[in-house]
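The values are calculated or read from the model by the stated rules, or taken from the named source; none is laboratory data. Owing to the predicted nature of the structure, the values given are computational and were not obtained by experimental measurement. Positions of Cβ are backbone-derived with ideal geometry, glycine not excepted, and every protein chain shown enters the neighbour counts. The area values use the complete protein model at the heavy-atom level, side chains included, leaving out ligands, DNA and RNA. Shrake-Rupley method; radii C 1.70, N 1.55, O 1.52, S 1.80 Å.
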Amino acid sequence: MLKSASYKISAAIFFTIFGTMIIPLEFEQNETEQKFYGYATIVKLDEKGNNIFTQQIHNRLVDTGETFLLQQTFQDTNTASDNTQIGAICVSDEAITIAETITAATFDSGNSITESNCKEDTTVTISSQTAQVGSLTFSAGSTNVADGDTIRAIGICQNDATDDGDFNNCATEGVLFSVVDTSDVTLNSGETVQITYTFDISSSGT
């Protein structure tokens with residue numbers, strides 16, 4: 001008889017944008033850095049239209065701007081189109097090579113999990129310029145994965161606009177927001193995995 005067990009996986013993306021996966025007693029970090037920023041350009045012209053001064057200055061994204069971006073992106077009950085926003089976590093048994101060009105269809109294409117591999121959080125928590133999806137519990141036994149399936153990747157996806165239940169495949173509902181290449185986690189009969197996704201765009205308060 002197999003012993004029931006529960007695993008926890010957490011994903012986080014910080015302002016410098018790197019993915020972090022935590023599986024009990026293991027830590028893995030994606031070192032690929034991405035830069036998100038805004039800047040203003042000032043161009044001064046003389047009376048003849050000649051450029052005599054140009055300056056580009058990076059902005060400071062303020063707390064209210066960070067919160068606005070998160071509220072427009074994640075399903076947190078704060079906007080009219082909330083039910084079509086980001087809030088689902090999908091799992092895949094494909095070993096994914098991380099790339100900016102991955103789409104929902106790409107994420108689904110090599111995934112052989114045929115159960116409802118996507119779960120929704122319809123009340124994503126937004127606090128201190130951070131959005132948290134989950135934790136969401138994925139169960140073996142033909143619920144979210146079949147007994148013996150191995151989770152190798154996580155996709156953060158758009159929610160189901162018509163109902164709030166589990167569904168199969170990220171592309172079923174639209175947009176893939178981000179993807180995380182995880183350590184392999186195999187779920188046998190009676191086992192579950194808890195997944196939390198955190199998106200952090202908070203900046204230093206100084």
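Modelled spin labels at D147 and S203, positioned 7 Å past Cα toward Cβ, are 5.3 nm from each other.
Of the trypsin sites (Lys or Arg not before Pro) found in region 36-115, the ones in coil according to DSSP and having at most 13 other Cβ atoms within 10 Å of their Cβ are K48, R60. Simple spin-label estimate for S112 and Q56 gives 4.8 nm between the two label positions (7 Å along the Cα-to-Cβ direction from each Cα). Note on region 96-206: along the principal axes its Cα atoms extend 50, 32, 30 Å, ordered by decreasing extent.
May I ask you to derive the FRET efficiency for S189 and T97 from their Cβ-Cβ distance with R0 = 25 Å, giving the value to the nearest 0.05?
Values: r = 31 Å, r/R0 = 1.23.
Approximately 0.20, to the nearest 0.05.
Whole-Hz Karplus values for region 61-68 come out as 6, 8, 4, 5, x, 5, 5, 4 Hz, taken residue by residue from phi with 6.51 cos²θ - 1.76 cosθ + 1.60 and θ = phi - 60°; glycine and proline positions read x. Could you tell me the accessible area of V91 in Å² (1.4 Å probe, neighbours in place), rounded to the nearest ten? Approximately 0 Å² of V91 is accessible to the 1.4 Å probe.
Phi angles of region 130-139 translate, via the Karplus equation with coefficients 6.51, -1.76, 1.60 and θ = phi - 60°, into HN-Hα couplings of 9, 10, 10, 9, x, 6, 10, 9, 9, 10 Hz per residue; Gly and Pro are given as x. Rounded to the nearest whole Hz, the Karplus-based 3J(HN,Hα) values (6.51 cos²θ - 1.76 cosθ + 1.60, θ = phi - 60°) of region 192-198 follow the sequence 9, 9, 9, 10, 10, 10, 10, with x at glycine and proline.
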